[in-house]
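Asks: Have a look at this one before I ask anything.
The values are calculated or read from the model by the stated rules, or taken from the named source; none is laboratory data. This structure is a prediction, so every number in the text was calculated from the model and none was measured. Don't worry about glycine lacking a Cβ; one is built from the backbone with ideal geometry, like all the others, and counts go over all protein chains shown. The protein model used for the area step is the full one, side chains on, heavy atoms only, and it has no ligands, DNA or RNA in it. Shrake-Rupley method; radii C 1.70, N 1.55, O 1.52, S 1.80 Å.
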Amino acid sequence: MNVGACSVRVGVVPRRCRAALSSPLPSAFSSAFSSSRPFPSSPTPSPLLATSRLGQGADVICGRTSGYRGIVSVSVSQKGQAFGAGLTGFFAEAYRSGLSSKKQVAMASKITDWVKPGDPSGEFKRQASTFRDWISDEPGAKFPPEKGRYHLYVSYACPWATRTLIVRKLKGLEDFISFSSVHWHMGENGWRFPTPADTDAAGENVVPDPVPGHEGYTHLRQVYLGVDPAYAGRFTVPVLFDKQTGVIVNNESSEILRMLGHAFDSQLPPEAASARALDLYPEQLRAAIDEAHAWTYDKINNGVYKSGFATTQEAYERNVTALFDALDRAEKHLAKTGGPFFFGDQITEVDVRLFPTLIRFDPVYVQHFKCNLRDIRSGYPHLHAYTRRLYWQHAAFGDTTNFLHIKNHYTRSHPQINPFSITPLGPVPDILPLDDEVPAAKAAVAAATGKAS
Ligand SMILES: N[C@@H](CCC(=O)N[C@@H](CS)C(=O)NCC(=O)O)C(=O)O
């Protein structure tokens, strides 16, 4: 079997991992075990017991270490990239018996390793989402649009998850799809569910996991691993969950947004005619929408992350420059169309995808992700007006924005960026009223129009 240049290193296994290891093995690991080869006779620090293919280039390695009685399991891509598989949070070492090379690579072991330690590119590479099914009213569909059947796990902090909350509201799906938000703090085990004792995370449906059968769940990872014990990706929000069959339908926000755009149209009551008629991806604008998605996703939505998570000066500069070029482009575009939406009078997916990044820009991305060549409120009059119109005039945008979660999450969940978890007080306010401007912008307008500010 080709596992690339990868082996697994083991250090001291922290106590918290022992508990995880003493729980029953996921089935993929158990089957790997049943095919285990005998221990090599020579004394080795950590003989490899078995490897098992999970598909998609991922393998499971089970080993036993001399310093630790337990099972070490990781999944390894064939390119030699290693990802923690259910046991993130420690570095493991295993001896690759029978494999010619003993080269070692460090596992991406910490939740904050968005850039793999030692990756000379310093570049954040977003993983592809894993669950890609679809709610559809096609006859015989696996996931038909049934009222009350699906649940959305989100974080108010997360721009990707917020897209799905916006579309849920725009399409009048509040009674059709339940939702809950995780706590804003993402620690070493990923997103956690709030407990009744949490008093610092106000917001609608910021509650313990409400899905029947999930009593006792403390973290979102349990939802993923409950569905697929061998899941080796990141435990991200949003998650669209089927309460009836207990599986994840989809965890890719752009697809959930597209899906909810029409999946329940046939079920909406007569009084929701305008929500039913709302088409966020209209035929005549599809080419323009696709084109806008391509650059706004890469350079703006993901661009702030690529700037903020960069671990080299070069990667940061390359991405932050591309981000501001794209913001300049969006600004020019809005100056031309005049709004109120990206494509003039018609609200589209582009608005739903752009807004969550723009609303977070001044409060978080400027300082936390070092996206500070300009800010929106003083540097981009059209983007500023556009963002504020959506926020103040459309409940689907305003009501799904929670600055408490947004500011606290980023500043207190990324110790690699902000080790003391200090949340800056500004900017004040988080968002300006529609009819106000920062002093610099007021002065610029006054100078341009010849009127005193
Ligand atoms: N491709 C995904 C990305 C979602 C995503 O990265 N969500 C972040 C929060 S903003 C997350 O849950 N991260 C947890 C982690 O990376 O461990 C989507 O658009 O749905």
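Asks: What does the extension gain come out to for Val438 and Glu317, with contour length at 0.36 nm per residue minus their alpha carbon separation?
Replies: Difference between extended and current length: 40.8 nm.
Asks: Okay, moving on. Is the C-alpha gyration tensor of the range 150-277 telling us rounded, prolate or oblate? Criteria: a/c under 1.5 is rounded; beyond that, a/b larger than b/c is prolate, otherwise oblate.
Replies: In terms of gyration-tensor shape, prolate.
Asks: May I pose another question? Given contacts defined as C-alpha pairs under 8 Å and at least six residues apart, what's the relative contact order of the range 150-277, whole-number percent?
Replies: So the answer I get is 30 percent.
Asks: Let's see if you can work this out: charge +1 on each Lys and Arg Cβ, -1 on each Asp and Glu Cβ, no other charges. What is the dipole magnitude of the range 366-412 about its Cα centre, in debye to the nearest 20?
Replies: Dipole of the range 366-412, to the nearest 20 debye: 160 debye.
Asks: What residue among Ala197, Pro212, Tyr224 has its Cα farthest toward the positive end of the dipole of the range 150-277, where the charges are +1 on Lys, Arg and -1 on Asp, Glu, each on the Cβ?
Replies: Of the options given, the answer is Tyr224.
Asks: While we're looking at this one, here's another question. Say the cut-off is 20 Å between C-alpha atoms; which of Lys299/Lys442; Lys370/Lys407; Lys306/Lys370; Lys169/Lys299 go over it?
Replies: Lys299/Lys442; Lys169/Lys299
Asks: Next up: If r is the Cβ-Cβ distance from Arg132 to Asp298 and R0 is 22 Å, what FRET efficiency results, to the nearest 0.05?
Replies: 0.65
Asks: Considering only C-alpha atoms, what is the centroid distance from the range 123-141 to the range 173-190, in Å?
Replies: Comparing the Cα centres of the range 123-141 and the range 173-190, I get a distance of 18 Å.
Asks: Also, I was wondering about something else. Which percent of the accessible heavy-atom area of the range 362-453 goes to carbon and sulfur, probe 1.4 angstrom?
Replies: That share works out to 61 percent.
Asks: Given a 1.4 angstrom probe, what's the average accessible area per residue across the range 229-361, in square angstrom?
Replies: Accessible surface, normalised per residue, equals 38 Å².
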